[in-house]
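What follows is calculated from the coordinates using simple rules that are stated; it is not laboratory data. The structure presented is a predicted model; accordingly, all values stated were derived computationally and were not measured. FYI the Cβ positions are ideal-geometry reconstructions off the backbone, even for glycines, and counts take in every protein chain you see.
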Amino acid sequence: MKRLLPLALSLLVAVPAGAQDKELSGYLQDAGSQATLFRGRLQNKYPFKYNGTFFLETRKFQEGEVMYNGKYYNHIFLNLDAYAQELVVRPDAMSAGIILYRDQVSWFGMDGKRFVNLRYMGYSSAPEGYFEVVRDGEKPLLLQTYKRFRSQTGNVATSKEILELDGNYNPAVVTYFVKEERYYTLENGQVHSIRNRAAQSRMKEVYNPQLSPLNWSKDQWHPLEGQSTDGLLPASTASAGGIGLPEGYFEERKATDTTTVTYQNNALTATFRNKLYVIGQDGGKSQNGRASISGTVFEAESGAPLPGVVIFDDNTHTYVRSDAKGHYSITLPLGENMLNYNAESKEDLALKVVLESNGSLDIVMTEKITLLKGSIISAESMQQHRTTAMGVENVSMKTMGKIPSAFGEGDIIKAVLTLPGVKSVGEASGGFNVRGGSADQNLIMFGDNTIYNPSHLFGMFSAFNPDMVESVELYKSSIPAEYGGRISSVLSVKAKEGNLQKIKGSVGIGLLTSRVHIEGPLAKGKTSFIAGGRITYSDWILKLLPANSAYANGGAGFGDANLGLSHHFDKHHSLELFGYFANDRFSFSGDTTFRYTNINASATYRYKGDDGSTFKLSGGYDHYSNNIAIHNLESWSYDLQTFIRQGFLKAKRERPLGRHKLGYGLDFTAYFLDPGIMTPYGESQVVPRSMDRETALEPSLYVSDLWNITDKLSLDGGVRVSTFLALANKKFYAGPEFRLSGKYSPLDNLSFKLGFNTMRQYIHLISNTSGVSPMDTWKLSDPDIAPTTGWQGAGGVYWTLLGAGLDFSVEGYYKQSRNGLDYKPGAVLTMNPNLSNELLPVQGRAFGVEVMLKKPAGRLTGWVSYSFSRSLLQDPSGTINSGAWYNAPYDKPHEFKLVGNFAFTRRFSFSVNVDYSTGRPVTIPIGRYYYGGAYRLAYSERNTHRIPDYFRVDAAFNIDPGHYLKAFAHVSLTIGVYNVTGRKNPYSVFFQTSPSGTVNGYMLSIFASQVPYVNLNILF
Amino acid sequence: MKKIIRYITLLFLAQACVYPYNPEIDSAVNTLLVVDGSIIIGGTSSINLSYLTPLGEDPGYQKPHGRAWIEDEEGNTYMSSSPSVLASNISIPTEEAPGGRKYRAAIEVDGLQYYSDWMEPLAPPVIKSVHFRADDRNVYVLADVEAGSEGTGYLGFAYEEDWEFHAEYIPEAEIDPHTWQYNLLIKNYPPYWCYKHFNSQGAVLVNYGSTDGTLAKDCVVQSFLRTNNRNHKRYYILVKAYNMPEEVYRYDHYLQELSEIGGTLFSPEPGQLTGNMHCESKPELQVLGMVRAAQMSSMRASIRTEYMIETYPDDNTLVLPSPEDYETLYYVSGYRPVKSVNRDEGSGIGWGHERCINCIVAGGTQEKPSFWE
């Protein structure tokens, strides 16, 4: 340190002071409040009432000076947000406060005190924030003042303390900010905390201000007023050899700037908020007075792309969202625009850009660490006003983690089920139903791969390890043209990309499962990996279940593993490799063992142009197999296997064209299905046989356009030409699919949307069970089984109230389908070469209204929704219910859902989940008769009765990690109860005939009482 | 920590459970007719009539009484031996009915006319052998059958069993029903050895998984315990086999499954079955059940005592009545003296039900079957 100061000073001396003074002074004078210093994020507004202030001493801003981004500013109004450790500046006393980017502040002075940023000076181990230099010198004494947020009722002493700080003390408000001081010193290049009060006193005495006063003189700090550059630092600092800028300080900062986002290359990267960003070149490419800004949004900490970031322009009310790879492109008028970047749990960013022609602007967003966690979905607020598509739901990973679920495992499918319009036939059932569609009518994508069975442990867990997932989107209505092959919905699960900057990971320990993941750079800033896995140890629980539960003596287990590699060749080109493996096995009462396996692999090449255009080329392989082993039938024991193997190739191009965003692409899928391979087991007399393999090709082309007609009106349309060729019998199907949605926003907080789409589906789940089961088989369309087709029309109103505090929405829809498949009574669905004889093409219709009120931010967050919907089927042949419309198995007319999270403090929160729905339809016996030597049951028409209504309340108490930024590991704990009321919700009903002829009805409840759980997560 | 885990485990154990479920059922269903019929070419056909019993009510003892006959597509009618008598179990001789034509059943009940679909009985399979096999517990009757040119992959089996068995005890005393005195010198021993006959009910279904006429080996037709009285002396079984149309097999098979659905996560959803009967008078009226048509082949086989596991009656089941109870409590209830017993509470002649000492009361007959060797 001693030798650093003279060098630093010499560097400063080398700067022609007068020139700098003149330049800055003139600039500030001319620019006024438009100076780059004041172009940043607005100061924090804490969304709660409180006493005291989060500012250092007083709310009043004081005139001071700051060394910022290598430049010196004075005569500005400053204050320190001591809660967030952010320096806030104002151009004048009346203007709003702007937060200075902390990494660019080297020091500042106000109220006769001097504050330094130790991290800026290279003390990487120093806490974030600013330190008052109490004593300078060889062994300085530094004071960091924090404001803590507390909540306490009626404590007189506390009230007094607050009164001293805030004359506006309100006794009705029980929350307040209180000061906390920490002392530090510097020694041997390290920051040392001085916790001992006696030591603090001694240091104060040794460096008694009276004896060794801080040589702090405003005169010496006014280089703009003609001081020599020596004056950039206090004279005493220079003379005493105390805190000074380290050697090569400015060079180091420059290096840091480039390594923060090493992939930025020549792109303008908005890590600093105090700049005016000039995009493009004067006279460059533009259209009709408009030009496009494109770029990628990155996370500052990891360097990973950020999907789902909302980018909107205040002036034109134009909105876009970054895609899965953080890419975005927005078309704006030439000239000055105010761009806002909102992302969940990230600091909001507001940038002024001067758009001269098409250009690029990459964004780096930092973690939001100051607000309550309730704000984690703040980016979702106003979302519906920003996107043209309707029926699109985003479930954030953090929101998902707060939703109580059985055994405390954060679960993507279970989180999706809390959304309106999404149902399941029962808890612990695989699959889900969206707006009256069957489970196989949902396209479930993990990256670009297709997941055929998204559940583990017969539906108790989803197949996705939440640690490996970046984002989840569910398209219920406006399905983008790039997706096809299913007629009901698309669940797009984006895999997380590994951290490009440092090694990170997590460990989760639950009652039934444990999981681990690790990620990090292989080549910093260029290549990263991410790997994770889960295992279960559920055997022990199943073995102890009651005998009449049908699971006694059973066994179950699963495991899954993910691996991802990504490499950024440069700003434009990147390559990703993705692999996923999941295996399940379980048996009931030890007689039959089920196994199923998902294997997926893909490679994706991406290109991102400066003009906002993107190109993606991906190819991969999907594998799903199941195996039923029946080994207890002696001479009839056998194994039955089915396989789906598919290879795919996808190409997608997107490019902005003025007010249009044009997309087009190609999908090509080759299917290889083995519907059944039966092999004898042991001495079995079962004859080995296999069903004919089904092979088919499904090439599709699509084109789409998002057209922002005016600032208030936009259209999103697309056409997908879908074709299918069954190779074995040369059957060819083809047809267009149309996608159209429109949005009209008469007000910033009010939007109306309409949507219409048609879909086609060529692969069908053949099942006669209520939920997705491993016994189900898949079947491709052929001459006897036509593609399932359907259309949906939908409309919605979206209204944001109370600022952005409440989002209210109403969506209605009507949809029809043709050539869906239902089964004949007594259908034999396995190993049946004439399967089409067992199936009945049915037509379906579904309609409903979904009302939702969402509170995205604040201490209380969550949503409440009510849906009325119907889903009906009809068998034109009259085999089922004489051709009358009948209830689909997942028809649940009334549905009420509530998801809430209340944050007591930043660390402690309480979550609740309420789920009510009408009981699902079932077919039940209406009588019995003697036939064939035994009593038999006569059943009602299909799905004419209902099981009792479903109602469940879950609650959880969450303890989040402490906010010690330097801690090696962060531990979070969730303690909860699933099914708090202990209601015996039936999964199914069944009837058994006793030898005496008595028929007894039973309900099977999967979770028939409270399920307590504890879940521990460790992040490192 | 272990205690916590244990506690959580115990809580979890109270989870997946089965509870009674009693839905409301429309009671109007009890007028539905149930038909269980077989048209046997070259044999005796049968039509059994009953009503559907609503759930929650006792099995219907009130049976429909009607008339039934068989018609063929040539216009021939095959009537029961007492065509004017209304009955619920109707036998119709069809020994003379020729194969190669279609048949249907006709029923008149409650003033309504019912018909089955027209059915052409499939050519009978060839029974290559009927043999026996035993494991530690059971004796299995197995058949090797060649389905023949009209094999469908599905076989139906019926059988007739005849066996000679003995009563459990030879009594040591008899009682005089006038004096209520024991007579140790029995004058008329009750019949000890008898013949018994049993006809299978319903069809034994076999899916041998092939439609190319290959041999269906070791089809299990019947099984019984090695301790069963079928093993006492000699056992005959007449195995009848017929090729079964797929729809008939599936109807019977699924009907059986529907009655055994376990309600587990992956149980198939049940559905309403439609048989091949319809009401001509009221087409909208649902009719349950099915009438099958078959041409049967048959083969008889027998065993003696080679698989028998000998058992001895449990003397503890015998009671020691007080003399004053001989008549009122025991004799009128069918109890008879069996053998002397010696117990802590006393000794004397132990009584047991008459079927223990009389094979006729136990369901046998002294009439020797004609084929008996």
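Inside 10 Å of the C-beta atoms of A:1005-1011, what's the mean count of C-beta atoms belonging to other chains?
Details: counts 5, 4, 5, 6, 7, 4, 5.
Counting other chains' Cβ atoms within 10 Å and averaging over A:1005-1011 gives 5.
By residue number, which cysteines of chain B lack any other Cys whose Cβ falls under 4.7 Å from their Cβ?
B:Cys17, B:Cys219, B:Cys279, B:Cys356
Relative to the first principal axis of the alpha-carbon coordinates of chain B, what is the inclination of helix B:246-258, with its axis defined by its Cα atoms, in degrees from 0 to 90 and to the nearest 10?
50 degrees
What is the angle, in °, between the Cα long axis of helix B:2-13 and the longest principal axis of the Cα atoms in chain B? Nearest 10 is fine, range 0 to 90.
Rounded to the nearest ten degrees, it is 60.
Return the subset of A:Lys892/B:Lys63; A:Lys504/A:Lys984; A:Lys325/A:Lys712; A:Lys496/A:Lys661; A:Lys571/A:Lys815 for which the Cα-Cα distance in this structure is over 32 Å, preserving the input order. Can you show the working numbers first?
Values: A:Lys892/B:Lys63 40 Å; A:Lys504/A:Lys984 42 Å; A:Lys325/A:Lys712 27 Å; A:Lys496/A:Lys661 26 Å; A:Lys571/A:Lys815 43 Å.
Violating the 32 Å limit, Cα to Cα: A:Lys892/B:Lys63; A:Lys504/A:Lys984; A:Lys571/A:Lys815.
Quick one: Karplus J couplings for the stretch A:563-580, per residue in order, coefficients 6.51, -1.76, 1.60, θ = phi - 60°, nearest Hz, x for Gly and Pro?
Per-residue couplings from phi come out as 9, x, 10, 9, 9, 9, 5, 7, 4, 9, 10, 8, 9, 10, 10, 9, x, 9 Hz.
Can you give me the distance in nm between label points at A:Phe752 and B:Asn199, each placed 7 Å from the Cα along the Cα-to-Cβ direction?
For A:Phe752 paired with B:Asn199, the spin-label model returns 7.7 nm.
Can you pick out the pairs among A:Lys652/A:Lys779; A:Lys494/A:Lys731; A:Lys113/A:Lys139; A:Lys423/A:Lys526 whose Cα atoms lie more than 30 Å from each other?
Numbers: A:Lys652/A:Lys779 28 Å; A:Lys494/A:Lys731 34 Å; A:Lys113/A:Lys139 18 Å; A:Lys423/A:Lys526 42 Å.
Listed pairs above 30 Å: A:Lys494/A:Lys731; A:Lys423/A:Lys526.
Residues of B:48-55, mean number of Cβ from any other protein chain within 10 Å of their own Cβ, rounded to a whole number? Walk me through the intermediate numbers first.
Numbers: counts 3, 0, 3, 3, 7, 8, 6, 12.
Per residue, the number of nearby Cβ atoms from other chains is 5 on average.
Please list, ordered by chain and number, the residues whose modelled amide H lies under 5 Å from the amide H of B:Asn276; skip anything fewer than 5 residues away on the same chain.
B:Val291
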